[in-house]
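Have a look at the structure below before the remarks.
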Amino acid sequence: MKRILFAAFALLFGGCLVQAQEYRHLDQVQELPSFGSVEEWLGRASYLRTHILASAGLLPLSERSPLNAQVTQAVTKADYQIQNLVLETLPDFYLVGNIYRPVGKRGPFPAVLSPHGHWKAGRLENTHEASIPGRGISLARQGYVVLTYSMVGYNEMEKFIPHRFDQPAYQLWGFSPMGLQLWNSMRALDYLTSLPDVDPGRIAMTGASGGGTQTFLLTAVDSRIRASAPVNMISAHFQGGCVCENGPLLRINCNNLEIGALAAPRPLMMISTSGDWTKNTPKIEFPALRGIYDLFGAKDRVDNVHLDYPHNYNKDSRQAVYSWLNRWFMGDPARVSEQPFELEDPKALESRLPGVPVGIETLFSEFVKRCEREMERAAPENWGDLFALRESYGQALRHALSVGKANTGPGDRLSLTSPPDRDEARPAVLIVSDGTSAAREQCERLKASCLDRGSLVFVLHQDGPYGVAPKPNVNHWNTYNPTPAALRVAEIRAALRSIESRPEVLSTDLVGLGASGSLVLLARAFEPSVRSTSVDLSQSPTTDTAFVQALFVPLLRKAGDFRTAVAMIAPSPLVIQGSVDPALAGWFRAVYKAAGAQDMLRFASGH
């Protein structure tokens, strides 16, 4: 059934995705590519870290506001103590948790960041399968400071914000449960490393299931995590089932094996079990990750303990993690046995929030406002500013438009018309047109004019729509697959490279007509060899609703959309056709002024 639905989808959008079986999904078997050297892997690792941040809506990173930490009086036992904690990670949005500390030992101590998985009771889960308070107590007894904290929408925050939420408008801005949780984990780490009794050079992280995903995601992007133990999660055939593990576009040209390998060469323990999707770890996932560690000469820093249980973070799993952490942080390779523990009443571990948290819609609205303010502050005034904008927002835009290995060749929709005399190399013009009759007529007039001037003329007809597309019955489709609009942008880029490789082409100019104008502008941002560009932006979207309907690319608005594209194009000649939003036109002018090329930007009413 999935293949039938996908075949209809591919046919509807012009065959951009070649065959039904080529769509990606969370249960697809993945492989870790082979790398011949550390340098080769480090290049890939740099791309992956940026890609994760972009997918989480954290590229560029927002300013870290004060956490306004509220900590309760400690409940002290013979060999450990517990405090309740509230952090304001965003205005009126809270992270709640507990701090477990050693008693009777001298610090500074190593520390452990400890997210929970999708257990019913969140960070207060205490069952045979998993005990988050139990590992907090046990680690504190061994000499660690431990911060356990709740996922988005769990425990004290449950009645204020959902754990699972997903809308196209949210995706445009990279606003997702995964992004919020990764941000919360970063801020929890900020707090943990600020504590006077914590050694910031000895920070570990461990969690199971969804907490395992959080563990390897934060380990991947934050070098302050010096040892990591994701439990029952890194799998070659299951990438995580919750939206909190599947940010927009995250696994386009990326998978959990690669993300897990980003821990290298820091110590990494993979706990796996026979009763879930980590059943093949000893034979598949562990050898694959060990191959990356071998590149660093650090194969002793990665290990796997395989157990025979259902999905869990039980006592045996915990003991394996304790032993692993003690080996690296305490210099003690001996196996650790967990001692019996007695829990507090769960209610005693809950925190009183300092105010009424914002709901999901207000949180999203404030997120967008913050992104817009940051974009305004990034408006360039000189070449230095322009370079900085390209480095931050330009990277975000590149990842938003990534399509991985999808087929994006223009095929027989790219046609060539040439003047009679073709004895020497000539300038070429690529005209990209949408399927409307008006654009086709305009294309014919423009083609005739270019031929009269002796140019080679290539025409690429792109039929829409470019908004949110019908999709097969596949969970988290946009985590694994590019949208029609992104594929069309990639198609334009492929057409340009094909044209420029021809020996009879001297230079290339680029024109976008009708609704294709927006796509052409985005494509041109990453094709610097184009000589001049002319685009019709009269149909370009300006609101979230319009982007969803006409130009849907997850993360596009967070990445600065057309503003970033023009910053990537300046100071090359650019003509904007049709009426444009005044604020957008003002941004374009400011960019070209910063580049010292005001005369290279022109606004016109017709081609």
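Nothing in this text is a laboratory measurement; each read-out follows from the coordinates by a stated rule. Remember, it's a predicted structure, so these values are computed and weren't measured experimentally. Cβ sites come from the backbone with ideal geometry, for glycine too, and all protein chains shown count toward neighbours.
As a ratio to 2.2 N^0.38 Å, the alpha-carbon radius of gyration for the stretch 454-533 is 1.27.
Packing here is the average count of other Cβ atoms within 10 Å per residue, and on that basis the peptides 114-123, 556-565, highest first, run 556-565, 114-123.
With the convex hull drawn over the C-alpha atoms of the stretch 529-607, the volume per residue is 100 Å³. Among GLU158, GLU527, the order by Cβ neighbours within 10 angstrom, fewest to most, reads GLU158, GLU527. Per-peptide packing, taken as the mean over residues of other Cβ atoms within 10 Å, places 264-274, 343-353, 390-400 in the sequence 264-274, 390-400, 343-353 from highest down.
Positive-end ranking of LEU506, GLN462, ASN256 along the dipole of the chain, with charges on Cβ about the Cα centre, is headed by ASN256. Extension gain, LEU416-ARG352: 0.36 nm per intervening residue step, less the Cα-Cα distance, totals 16.2 nm.
In straight-distance terms, cross-link reach from LYS159 covers every one of the lysines whose alpha-carbon lies under 21 Å from its own, apart from those fewer than eight places away in the same chain; here that gives LYS120, LYS347.
Between the entries (i) 29; (ii) 22; (iii) 34, the label attached to percent of Cα pairs over 42 Å apart calculated for this structure is (i). From most to least packed by mean Cβ count within 10 Å, the peptides 288-298, 192-202 give 288-298, 192-202. This model, with +1 at the C-beta of Lys and Arg and -1 at the C-beta of Asp and Glu, gives the chain a dipole about its Cα centre of some 560 debye. Going Cα to Cα from LYS315, which aspartates and glutamates come in below 16 Å? Please leave out same-chain ones fewer than 8 positions away. Once the sequence-local aspartates and glutamates are set aside, what remains near LYS315 is GLU125, GLU129, GLU338, GLU342. For the chain, build the charge dipole from Cβ charges (+1 Lys, Arg; -1 Asp, Glu) around the Cα centre, then report which of TRP587, LEU95, PRO554 sits farthest towards its positive end. The residue sitting farthest along the positive end of the dipole is LEU95.
The Rg/Rh ratio of the stretch 474-588, with both radii computed over alpha carbons and Rh defined as the Kirkwood radius, is 0.98. Taking other C-beta atoms within 10 Å as the exposure proxy, GLU444, GLU342, GLU258 rank GLU342, GLU444, GLU258 from fewest upward. Excluding same-chain neighbours fewer than eight residues apart, the aspartates and glutamates reachable from LYS405 by a Cα-Cα span under 20 Å are GLU22, ASP27, GLU31, GLU40, GLU258, GLU491, GLU527. Both radii come from the Cα set of the stretch 55-366: Rg as radius of gyration, Rh as Kirkwood radius; their ratio Rg/Rh reads 0.94. Between the stretch 427-484 and the stretch 530-596, the C-alpha centres lie 17 angstrom from each other.
For ALA69 and HIS237, the FRET efficiency from 1/(1 + (r/R0)^6), where r spans their Cβ atoms and R0 equals 30 Å, is about 0.15.
Diagonalising the gyration tensor over the Cα atoms of the stretch 378-604 and scaling each eigenvalue by 5 before taking the square root yields semi-axes of 26, 23, 16 Å, largest first.
A simple spin-label model places pseudo-atoms 7 Å from Cα toward Cβ; at GLU366 and ARG589 they are separated by 3.5 nm. By the beta-carbon count within 10 Å of each Cβ, the least crowded to most crowded order of MET233, MET157, fewest first, is MET157, MET233. Here the spin labels are modelled as points 7 Å beyond Cα on the Cα-Cβ line, and at GLU376 and GLU158 they lie 4.0 nm apart.
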